[in-house]
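Input: a single structure, listed below in structure tokens.
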Amino acid sequence: MVGEAFEAGRWKTDLRKQDTGNRPLPPDYCLLATMIAHLFRETIWYLRNEFATTLTSFLGLFLSQLVFGLYLLILLNVWALEENLRSEMTIEVFLEVELSQSEMEQVDRKIRNLRGVESASFHTKEEALLSLTKQLGQAAIEGLGENPLPAGYSLEVEERFRNREDSRLFSIT
């Protein structure tokens with residue numbers, strides 16, 4: 001009878017007439033409540049009678065979700081770190097020798113005209129020492145004696161040169 005109703009395309013109507021007779025159909029939320037109650041009864045029965053199997057499947061699902069979550073967490077943190085490093089990309093250029101004023105102007109002009117340099121700022125030996133003192137604290141600097149840091153430039157790299165492929169294009173012209 002069910003097969004005939006299914007083949008005839010009258011599956012729902014014929015089946016409901018067969019199940020309920022002339023009585024009105026119960027509302028859908030009653031059917032849902034019955035299904036949920038059945039689900040809980042079955043769950044409790046399996047927890048009592050098949051505890052080892054239930055525990056094994058629960059632990060398998062838990063561990064697979066944990067591994068996936070940890071992988072996703074690490075991946076998102078690596079992406080955030082990469083983006084942070086890329087956005088703060090600077091190049092430090094140190095001048096090893098003392099230069100005359102005309103040589104300094106020539107070096108300054110060359111550095112500022114480099115392809116891929118967004119901005120360049122010159123810092124003296126004293127400014128470099130002050131910056132290091134702010135980062136490490138006065139106690140770390142006290143034993144140095146004289147200032148060992150050279151003067152130099154801090155270069156901000158243009159956005160288009162902040163990836164691995166295009167960074168090779170960054171060079172002196």
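The values are calculated or read from the model by the stated rules, or taken from the named source; none is laboratory data. All values reported here derive from a predicted model rather than from experimental measurement. Here Cβ is always computed from backbone atoms with ideal geometry, including for glycine, and neighbour counts include all displayed protein chains.
Could you check, for the stretch 69-82, whether at least one of its residues is farther than 30 Å from Glu159 by Cα and either modelled with pLDDT under 85 or surrounded by 10 or more Cβ atoms within 10 Å (Cβ to Cβ) (or both)? First the steps, then the outcome.
The first filter runs over the stretch 69-82 and keeps only residues farther than 30 Å from Glu159 by Cα, leaving 69-70.
Pick out the ones that are also either modelled with pLDDT under 85 or surrounded by 10 or more Cβ atoms within 10 Å (Cβ to Cβ) (or both) and you get 69-70.
Yes, the stretch 69-82 contains at least one residue that is farther than 30 Å from Glu159 by Cα and either modelled with pLDDT under 85 or surrounded by 10 or more Cβ atoms within 10 Å (Cβ to Cβ) (or both).
Out of the residues in the stretch 98-154 that are hydroxyl-bearing (Ser, Thr, Tyr) and over 26 Å from Glu88 (Cα atoms), state the one that is modelled with the highest pLDDT. Steps first, please.
To start, the set of residues in the stretch 98-154 that are hydroxyl-bearing (Ser, Thr, Tyr) comprises 100, 102, 119, 121, 124, 131, 133, 153-154.
Then drop every residue that is not over 26 Å from Glu88 (Cα atoms), which leaves 100, 102.
On the way: Ser100: 80, Ser102: 85.
Per the stated criteria, the residue is Ser102.
What's the number of the condition Phe122 fails, among (1) over 21 Å from Glu98 (Cα atoms); (2) assigned to a strand (DSSP E or B)?
(1)
Out of all the residues in the stretch 26-44, is one or more exposed (fewer than 10 other Cβ atoms within 10 Å of the Cβ), without any contact (Cβ under 8 Å) to a residue 12 or more places away in the chain and either at positive phi or outside any helix (DSSP H, G or I) (or both)?
For the stretch 26-44, residues exposed (fewer than 10 other Cβ atoms within 10 Å of the Cβ), without any contact (Cβ under 8 Å) to a residue 12 or more places away in the chain and either at positive phi or outside any helix (DSSP H, G or I) (or both): present.
In the stretch 87-97, is there at least one residue being in a helix (DSSP H, G or I), at pLDDT below 85 and of a type outside the set (Val, Ile, Thr)? Show your work before the answer.
Here is the first cut: in the stretch 87-97, the ones in a helix (DSSP H, G or I) are 87.
If we keep only those that are at pLDDT below 85 as well, we get 87.
Then drop every residue that is not of a type outside the set (Val, Ile, Thr), which leaves 87.
The answer is yes; a qualifying residue exists.
Could you tell me whether any residue of the stretch 94-110 is surrounded by 10 or more Cβ atoms within 10 Å (Cβ to Cβ) and farther than 16 Å from Gly152 by Cβ?
So far as the stretch 94-110 goes, no, none of its residues is surrounded by 10 or more Cβ atoms within 10 Å (Cβ to Cβ) and farther than 16 Å from Gly152 by Cβ.
Can you name every residue in the stretch 51-98 that is of a type in the set (Ser, Thr, Tyr) and under 17 Å from the mean Cα position of the chain (by Cα)?
Restricting attention to the stretch 51-98, the residues satisfying the condition of being of a type in the set (Ser, Thr, Tyr) are 53-54, 56-57, 64, 71, 87, 90.
Once the filter is applied, which keeps residues that are of a type in the set (Ser, Thr, Tyr) and under 17 Å from the mean Cα position of the chain (by Cα), the stretch 51-98 yields Tyr71, Ser87.
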